[in-house]
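The numbers here are math on the coordinates, done by the rules we state, and not lab data. Because the structure is a prediction, the values reported are computed rather than measured. With ideal geometry, Cβ positions are generated from the backbone for all residues, glycine too; neighbour counts draw on all protein chains shown.
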Amino acid sequence: MGVIGMVRDVTERHIAEERFRLIVVCTAASIGTDFFQSLVRHMAAVLRARYAFLTDCDDQKHRRLLALWNHVAIRPHHLIGIGGAQCD
C-alpha cells in the first residue's frame, strides 16, 4: 500500500485573481470615458504602480491616449505621434 501526493503552491495565482477582482469591482460603476480614468487609477493602486495608461490606435500614425494616471492625477486624453512604428 502506498500513498502518492502532490503539493502545488497557488499563492501567486490567488494574488493575481484577487487583484483582477479588485480592479473589476472598483470600476464596475464607471461608464463612458470615466471608465478609462477609473480603470487606470485602480490598476495603478492595485498593482502598486506609480503610472498606468491606456491607449488606442486610431490610425497607423497616432495612438490615442485614453487615460493616464501619474500617481497624482488623471491626465486628459490626447494623440501621441508614434513615428514609423506600426499600431498593432
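Before moving on, here are some points about what is shown:
- For chymotrypsin sites (Phe, Trp or Tyr not before Pro), the sites in the range 1-68 that DSSP calls loop and that have at most 13 other Cβ atoms within 10 Å are Y51.
- Computed lengthening from I4 to H71, 0.36 nm per intervening residue step minus Cα-Cα distance: 19.1 nm
- Taking trypsin sites (Lys or Arg not before Pro) across the range 1-74, the ones in a DSSP loop with at most 13 further Cβ atoms lying within 10 angstrom of their Cβ are R8, R48, R50.
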